[in-house]
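Below is one structure; the comments refer to it alone.
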Amino acid sequence: MAYEDIKVEVENQNILIITIDRPKVYNALRTNTLKEIAEVLTTSSDDIRCVILTGGNKVFAAGADINELEVKGAIESINDVRTSYWETIKEFKKPIIAAVNGFCLGGGCELAMHCDIIISGDSAQFGQPEINLGIMPGAGGTQRTVRAMGKSNTMLALLTGSFMDAKTAQKRNLVSEVVPVETTMIRSLEIARIIASKSPFAVSAIKSAVLASYDNGLNASLKYEKTLFSGTLASVDKKEGIKAFKEKRKPNFKGQ
Ligand code: CO8
C-alpha cells in the first residue's frame, strides 16, 4: 500500500517499522499522518510481534501541523476525526517502541507517549510547547506527562513550554534509554527482536495489565492482572516455555 506521510517496512517478518516522513515540516503530524499510522496498525499482519515508530535520524515530530491548527476551531476539535486515530494507536495490542531522534514536541511527544517504550537518541529534545501558541496539549499530554514525570516537572515543562534534552527526559522517567543518535534504531530493533521472541500471548497480557494502571485504581488493576495471569497459566505458550527451560533450549512460542 502506498502512503503519503509515512514509510512502512517489515523486518524479519515480525517487526513493523513505521517512519514518519514529512521532512519539510519537521514531521508535523497532519490529520493524514495520524490516519496513515492508524491504518497501518489496523491492517498489520498477525505475524507482527512488535512495532517501531520513528521519524528517522533528524526529527521525530515537531507537533501537530500548525497549518491545520490555524484554521481549526473549538467545534471542529470536539468532533475531530483525529480522536479516532489516536484511539486506534492507544488500543493497539502489541508493543510499540518509539525510536526518537531530534525534536519530539507537542503532538509528537504525545505520540511518543502513546508508545510503550521510548528509546531516545542523545540529540533528542522533548517538550509540550503548546503554551507558546496560546493553547494546551490535547492528545494526552497533560495526563501521560504527569504520570511519567510527576506534577512539578510536568507543570514546569507544560507551563513554560521549554524543551528537555534526552538526558533530562530520562532523568524525569519520560524515556527508557538514551543512546548515541546513530544507534537509536539499532537499539530499538534489538529490543523489538527480544520482545518478538517472547510469547505473544504473554506480551499482550503484560501490555494490557500495565496500561490498566492508567485507567483504574490499584485494586481494580490488581484484579485485572490476576485474571490475565490466570490466562497465561492456561496457555500453550506456558507449557512450551517451561518445557524449553527444562530441556535447556530456546522456546518456540506460538501465541496460543
Ligand atoms: N507544524 C507545521 N510546520 C512546522 C511545525 C509544525 N508543528 N514545526 C516546524 N514546522 C516547519 C516550519 O514552519 C519550517 O517550515 P519552512 O521551512 O517552510 O519555514 C520548517 O518546519 C522548519 O522549522 P523552523 O524553520 O522553525 O526550524 P528551527 O530549527 O528553527 O526550529 C522547531 C525547529 C523548534 C521545532 C520549531 O520549528 C518549532 O518550534 N516548531 C513548532 C513546535 C510546536 O509548537 N509544536 C506544537 C504544535 S501544537 C500541538 O502539537 C498540539 C496540538 C493539539 C491539537 C491538534 C489539532 C490539529
Segment 37-192: relative contact order as a whole-number percent, Cα under 8 Å and 6+ apart: 25 percent
Surface per residue (accessible, 1.4 Å probe) for segment 161-239, Å²: 59 Å²
Most mobile of Asn27, Asn57, Asn67 in a GNM of the chain (Cα contacts under 10 Å): Asn67
Net charge over other residues, Cβ less than 12 angstrom from the Cβ of Ala205 (K, R count +1; D, E count -1): +4
Residue-normalised accessible area of segment 10-139, expressed per residue, 1.4 Å probe, Å²: 44 Å²
Among Met113, Met155, Met185: highest mean-square fluctuation, GNM of the chain, C-alpha pairs under 10 Å: Met155
DSSP-defined beta bridges in the chain - what % are antiparallel, rounded to 5: 30 percent
Sequence-distant aspartates and glutamates (8 or more away, or on other chains) whose Cα lies within less than 19 Å of Lys223: Asp215
12 Å beta-carbon shell around Lys72, net charge (K/R +1, D/E -1): -3
Fraction of accessible area attributable to carbon and sulfur, segment 1-137 (%, probe 1.4 Å): 54 percent
Dipole magnitude of the chain about its Cα centre (Cβ charges: Lys, Arg +1; Asp, Glu -1), debye to nearest 20: 1300 debye
Counted charge near Lys58, where neighbours are those whose Cβ lies closer than 15 Å (Asp, Glu -1; Lys, Arg +1): 0
Beta bridge orientation in segment 1-146: antiparallel %, DSSP, nearest 5: 25 percent
Charged-residue dipole, Cβ positions (Lys, Arg, Asp, Glu), segment 69-110 about Cα centre, Debye nearest 20: 240 debye
Rounded tilt (10° steps) of 184-196 against the dominant C-alpha axis of the chain: 40 degrees
Most mobile of Ile78, Ile206, Ile186 in a GNM of the chain (Cα contacts under 10 Å): Ile78
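The values are calculated or read from the model by the stated rules, or taken from the named source; none is laboratory data. These figures come from a predicted structure and were not determined experimentally. Please note: Cβ atoms are built from the backbone with ideal geometry, for glycine as well, and neighbour counts cover all protein chains shown. Side chains included, ligands, DNA and RNA excluded: accessible areas come from the protein's heavy atoms. Shrake-Rupley method; radii C 1.70, N 1.55, O 1.52, S 1.80 Å.
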